[in-house]
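Taking it in order: structure first as structure tokens, then the write-up.
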Amino acid sequence: MKLVFATHNPKKIEEVQQMLPAPFRLLSLYDIGCTDEIPETGDTLEENAKLKADFVTATYGFDCFSDDTGLHIDALDGAPGVYSARYAGPQKNAADNMDKVLHLLEDIPIRKAQFKTLVHLNFKGSSFVFEGSVHGEITTEKMGSGGFGYDPIFKPDGYAETFGQLSPAIKNHISHRSEAIQKLISFLKNPSF
């Protein structure tokens, strides 16, 4: 079964494809000829995920899913949250975003945080939402070169390594995106309608 994942991010496609069982094959926005930057103007992760999925369905006619992920840091009152990708500016640069977070937390000893992912699926004329989250803490420096986004500064609870240091297999087993995608996969195997 082919699924459109409403993203231009090849690392997201690769990460999610590794989680999908053999019958599923992901298509990116590039694969369907969509080069548009879909605006994420929502005030919540769910609104942004819905905006992207609805754009693809309305413009290209595909059933698809999209996600939006936010890093919520307790000491920053939940920031960067829905603005995680563009926290340090519209250039959406991961290194700049991490540097900003590390600077803001420089003198803060308690660095608890949560990654949260919302997946919005448009499927056979109906919409569905799946959520995943993982708790952890922000490190004092970048560690590891794996993953993407804030992975090198996020250490999940129960692990000594950051998402940037953990193997893809471990990260894909415990991550916020994995939890939401597993719920999506379970639904697609046995749709409830």
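Every number here is computed from the coordinates shown, using simple stated rules; none is lab data. None of these values were measured; they are calculated from a predicted model. No Cβ is skipped: glycine too gets one built from the backbone with ideal geometry, and neighbour counts run over all protein chains shown.
Note the direction-averaged projected area, equal to a quarter of the hull surface, for the Cα convex hull of the chain, in nm². Dividing the Cα hull surface by four gives the mean projection, 10.6 nm². When the alpha carbon gyration tensor of the stretch 75-154 is reduced to an equivalent ellipsoid, the three semi-axes, largest first, read 27, 14, 12 Å.
Each residue, Lys189 and Gln17, gets one label point 7 Å from its Cα in the Cβ direction; the gap between the two is 2.2 nm.
What value in Å³ per residue do you get for the convex hull of the alpha-carbon atoms in the stretch 103-150?
108
Could you pull out the GluC sites (Glu not before Pro) across the stretch 32-79 that fall in loop regions by DSSP (anything but H, G, I, E, B) with no more than 16 other Cβ atoms inside 10 Å?
Working: sites: Glu37, Glu40, Glu46, Glu47; in loops: Glu37, Glu40.
Filter output for the stretch 32-79: Glu37.
In this simple spin-label model, placing a label point 7 Å from the Cα along the Cα-to-Cβ direction at both Ser167 and Met1 gives a separation of 2.9 nm.
Hey, what's the Kirkwood Rh for the stretch 63-122 if you take every pair of different alpha carbons, in angstrom? Could you put the intermediate results ahead of the total?
Details: mean 1/r = 0.0805 Å⁻¹.
When all Cα pairs of the stretch 63-122 are included, the Kirkwood radius is 12.4 Å.
Set the Cα radius of gyration of the stretch 25-69 against 2.2 N^0.38 Å, with N its number of residues, and you get 1.10. Extension gain for the segment Ile174 to Glu37, taken as residue separation times 0.36 nm less the Cα-Cα distance, is 46.4 nm to one decimal. With one equal scatterer per alpha carbon and no solvent term, the Debye-computed log10 I(q)/I(0) for the stretch 120-193 at 0.18, 0.20 1/Å reads -0.71, -0.80. Listed values for the stretch 136-141 are Karplus-derived 3J(HN,Hα) couplings in whole Hz (6.51 cos²θ - 1.76 cosθ + 1.60, θ = phi - 60°), namely x, 8, 8, 6, 8, 7, and x replaces Gly and Pro.
Past the 17 angstrom mark, what percentage of all C-alpha to C-alpha distances in the stretch 1-102 do you count? All intermediate terms of the calculation are to be shown ahead of the outcome.
Working: 2942 of 5151 pairs.
So the portion of pairs separated by more than 17 Å is 57 percent.
Using alpha-carbon pairs under 8 Å, 6+ residues apart, how would you state the relative contact order of the chain in percent? Numbers along the way, then the final one.
Details: 354 pairs, mean separation 33.6, N = 193.
Dividing the mean separation by the residue count of the chain yields 17 percent.
3J(HN,Hα) along the stretch 125-133: x, 10, 10, 9, 10, 10, 10, x, 8 Hz, from the Karplus curve 6.51 cos²θ - 1.76 cosθ + 1.60 with θ = phi - 60°, whole Hz, x for Gly and Pro.
Backbone geometry of the stretch 23-36 corresponds, through the Karplus equation with coefficients 6.51, -1.76 and 1.60 at θ = phi - 60°, to 3J(HN,Hα) couplings of x, 9, 10, 7, 10, 8, 4, 4, 4, 9, x, 9, 10, 5 Hz, x marking Gly and Pro.
For the set Lys50/Lys183; Lys112/Lys155; Lys2/Lys171, the pairs lying more than 20 angstrom apart at their alpha carbons are Lys2/Lys171.
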